[in-house]
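> Would you mind keeping the following structure in view while I ask a few things?
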Amino acid sequence: MHNQASDTYYISPDQLQVGLYIHLDLGWMDHPFSVSNFKITEDAQIDTIKSLGLKQLRYDPRRSTSHPLKKNANVVEFLVKKALFPEPEPAKETTPLNAAQQKRQVLKQVINESEQKFMRTSAEVKNIQKLSTEHPDQAYGLAQTLVQDLVSSTLTEGDIAIHAMSGHRVGDQHYQHELNTLVASLILAKNLNISDEDAVILGMAAILHDIGKRQISDKILLKKDPLNLREVGIYQTHVALGLNMLKEVAVPKKIMTLIAQHHEFADGSGYPQGLRAEQIDPLAHILIIANVYDNLCNPSNPALAKTPYEALSMMFAQQRHQFDQTILRRFIKCLGIYPPGSVVRLSDQQLATVISTNPQQPLRPFVQILNDDPEEEGETFDLREALDINIIQCLKPEQLPDILQKRMRLKQRTSYFLDKVYATV
């Protein structure tokens, strides 16, 4: 069905087939896919979409490679499936959960779903980075699809938070930085109310800004000791190498500009051109801040890593002359007083990590208790619900007991993901 007034096309779930490009008008936490807009590539996706209970879906005929089925065309197929695969017997009744238990169960499910989506998005970014050396055109196309879908989801959601992911579940340092920088850039872009078009340009630059590092030796990229002058010179060539790799792909000039400027600083101390604030593209100022923040939190030498709280403090107290200060203050505001990944002490003296922000109540984020037992995940709390508990201190890792320090070191790094804020039940 075509809505001429809005130029929107609707179909029912029984009209779905492989090749249709569809839009799920749901929040990220309400479906299991990594993005809300995508082309259907397999029958399993159709089954999953039908299980969401939607009465109708939007689809884009311009981005589709097939046409919707006629209504009721697959009723016979549905009846056959139902006969061959009957629904299982209902589970036996169990003791009902009280209200507090229900909330914790929902929160645990939301976090698990968020991490699954994060891992799928991470795999897409990893594939983009691997293709970038020999097939930059394919890498660019995949990046464009990923960023456009992330932007369309992120900028249309009401409250979007940054969710912290444990580094030990991620692994590859080469591509994780790109995803972290992309996430930080988009959350800041949303806070600054930039247009969708500019957000896509910024996102593309964020995901491709370090593409030139694929041509630099790991001996330099992963070196734990400080680089010598020769190595610094080699390292800094990654900007030019990346631009050369993308010249053959007809990347828009604006994206190339942002990539060229992602190591410039407002005071002129950056490279490769030593530009000053007024010479730097406004969108590049966002990318510069996101890039520096993740490099402070996740350097090649984990021993030098700053906590998110320390990184923001250092950027504001010691380095703010290098950044657009208005944008820096917005960045600090949208990450919250206790940025995801921070280690905190609660008013009941328990130690916890901040796993997600609450944009409307920055003093009351989601936290997970730190247990001595590495095999057991600590309980997770939404501090908007646990009103008798407050954060009283933000800690450095060395302030933790030895056993918790060891556990934190095993995680090595913190990664980030954009997520819809968990709605209280």
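The values are calculated or read from the model by the stated rules, or taken from the named source; none is laboratory data. These figures come from a predicted structure and were not determined experimentally. Cβ sites come from the backbone with ideal geometry, for glycine too, and all protein chains shown count toward neighbours. These accessible areas exclude ligands, DNA and RNA; they are computed on the full protein's heavy atoms, side chains included. Shrake-Rupley method; radii C 1.70, N 1.55, O 1.52, S 1.80 Å.
> Among the residues of region 340-384, which ones are aromatic (F, W, Y) and touching an Asp or Glu at 6+ places or on another chain (Cβ under 8 Å)?
Taking region 340-384 and keeping what is aromatic (F, W, Y), we get 366, 381.
F366 - this is the single residue of region 340-384 that is aromatic (F, W, Y) and touching an Asp or Glu at 6+ places or on another chain (Cβ under 8 Å).
> For region 317-339, enumerate the residues that are open to solvent by 90 Å² or more (accessible area, probe 1.4 Å) and either more than 23 Å from the chain's Cα centre (by Cα) or small (G, A, S) (or both).
The answer is Q318, H321, T326.
> Quick test for you: out of I187, I207, I201, pick the one residue that is at pLDDT 90 or above, open to solvent by less than 60 Å² (accessible area, probe 1.4 Å) and out of contact with any Leu (no Cβ under 6 Å at 6 or more places or on another chain).
Working: I187 fails: at pLDDT 90 or above; I207 fails: out of contact with any Leu (no Cβ under 6 Å at 6 or more places or on another chain).
Within the list I187, I207, I201, the selection yields I201.
> Go through region 226-265 and count every residue that is charged (D, E, K, R) and assigned to a loop (DSSP other than H, G, I, E, B). First the steps, then the outcome.
Filtering region 226-265 for residues charged (D, E, K, R) gives 230-231, 247-248, 253-254, 264.
If we keep only those that are assigned to a loop (DSSP other than H, G, I, E, B) too, we end up with 248, 264.
Adding up the residues that qualify gives 2.
> Just to be sure I understand the filter: pairs with C-beta atoms under 7 Å, separated by 6 or more residues or on different chains, first member in region 305-333 and under 22 Å from K190 (Cα atoms), second member outside any loop (DSSP other than H, G, I, E, B) and among the aromatic types (F, W, Y). Which pairs pass?
Between residues of region 305-333 that are under 22 Å from K190 (Cα atoms) and residues that are outside any loop (DSSP other than H, G, I, E, B) and among the aromatic types (F, W, Y), the close pairs are A311/Y293; M315/Y293; L328/F316; I332/F316.
> Hey, F331 hits all of (1) touching a helix residue (DSSP H, G or I) at 6+ places or on another chain (Cβ under 6 Å); (2) at pLDDT 85 or above; (3) more than 20 Å from S313 (Cα to Cα) but one; which does it fall short on?
Going through the list (1) touching a helix residue (DSSP H, G or I) at 6+ places or on another chain (Cβ under 6 Å); (2) at pLDDT 85 or above; (3) more than 20 Å from S313 (Cα to Cα), F331 breaks only (3).
> Pick from region 280-321 the residues that are in a helix (DSSP H, G or I) and among the polar types (S, T, N, Q): which of them is nearest to K253 (Cα to Cα)? Step through it out loud before you land on a result.
Start the filter on region 280-321 by keeping residues that are in a helix (DSSP H, G or I), which leaves 282-297, 302-304, 308-317, 320-321.
Filter again for among the polar types (S, T, N, Q), leaving 291, 295, 313.
Working: N291: 20, N295: 26, S313: 34 Å.
If we take residues in region 280-321 being in a helix (DSSP H, G or I) and among the polar types (S, T, N, Q), then N291 is nearest to K253 (Cα to Cα).
> In region 227-279, how many residues are more than 28 Å from the chain's Cα centre (by Cα) and either more than 28 Å from D324 (Cβ to Cβ) or among the hydroxyl-bearing types (S, T, Y) (or both)?
The number of residues fulfilling the criteria is 7.
> Shifting gears a bit: Considering region 218-249 alone, what residues qualify as being within 15 Å of K130 (Cα to Cα) and among the small types (G, A, S)?
Within region 218-249, the first condition is being within 15 Å of K130 (Cα to Cα), and the residues that meet it are 218, 242, 245-246.
Across region 218-249, the qualifying residue is only G242.
> List the residue pairs whose Cβ atoms are under 8 Å apart, where the first residue sits in region 109-131 and is closer than 25 Å to I216 by Cα, the second is open to solvent by 60 Å² or more (accessible area, probe 1.4 Å) and modelled with pLDDT under 80, and the two are 6 or more positions apart or on different chains.
Q129/H174
> Another question, if that's okay. Of all residues in region 182-201, count the ones that are in a helix (DSSP H, G or I) and either without any contact (Cβ under 8 Å) to a residue 24 or more places away in the chain or within 16 Å of I160 (Cα to Cα) (or both). Write out each step before concluding.
Of all residues in region 182-201, those in a helix (DSSP H, G or I) come to 182-191, 196-201.
With either without any contact (Cβ under 8 Å) to a residue 24 or more places away in the chain or within 16 Å of I160 (Cα to Cα) (or both) added as a condition, the list becomes 182-191, 196-197, 199.
Matching residues across region 182-201 total 13.
> Can I ask one more? Exactly one condition in (1) open to solvent by 70 Å² or more (accessible area, probe 1.4 Å); (2) of a type outside the set (K, R); (3) within 20 Å of M165 (Cβ to Cβ) is false for E398; which is it?
E398 satisfies every listed condition except (3).
Residue by residue, here is whether (1) under 23 Å from the mean Cα position of the chain (by Cα); (2) modelled with pLDDT under 85 holds:
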residue: L20; (1), (2): no, no
residue: N37; (1), (2): yes, yes
residue: R58; (1), (2): no, no
residue: R62; (1), (2): no, yes
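> Report the residue count in region 346-362 for those that are surrounded by fewer than 17 Cβ atoms within 10 Å (Cβ to Cβ) and at pLDDT below 85. Quick ask: steps written out before the conclusion?
Looking only at region 346-362, we keep the residues that are surrounded by fewer than 17 Cβ atoms within 10 Å (Cβ to Cβ), and these are 347-350, 360-362.
If we keep only those that are at pLDDT below 85 too, we end up with 360-362.
So the answer is 3.
> For region 236-293, give me each residue that is in contact (Cβ under 8 Å) with a residue 40 or more places away in the chain and in contact with a strand residue (DSSP E or B) (Cβ under 8 Å, 6 or more places away or on another chain).
A266, D267, A277
> Which members of region 104-138 meet the condition of being among the polar types (S, T, N, Q) and surrounded by 14 or more Cβ atoms within 10 Å (Cβ to Cβ)?
Filtering region 104-138 down to residues among the polar types (S, T, N, Q) leaves 105, 109, 112, 114, 116, 121-122, 127, 129, 132-133, 138.
Within region 104-138, S114, T121, S122, N127, Q129, S132, Q138 meet the criteria.
> Another question, if that's okay. Based on this model, can you work out whether K219 counts as open to solvent by 20 Å² or more (accessible area, probe 1.4 Å) and not in a helix (DSSP H, G or I)?
Working: open to solvent by 20 Å² or more (accessible area, probe 1.4 Å): yes; not in a helix (DSSP H, G or I): no.
Taking the combined requirement at face value, the residue does not satisfy it.
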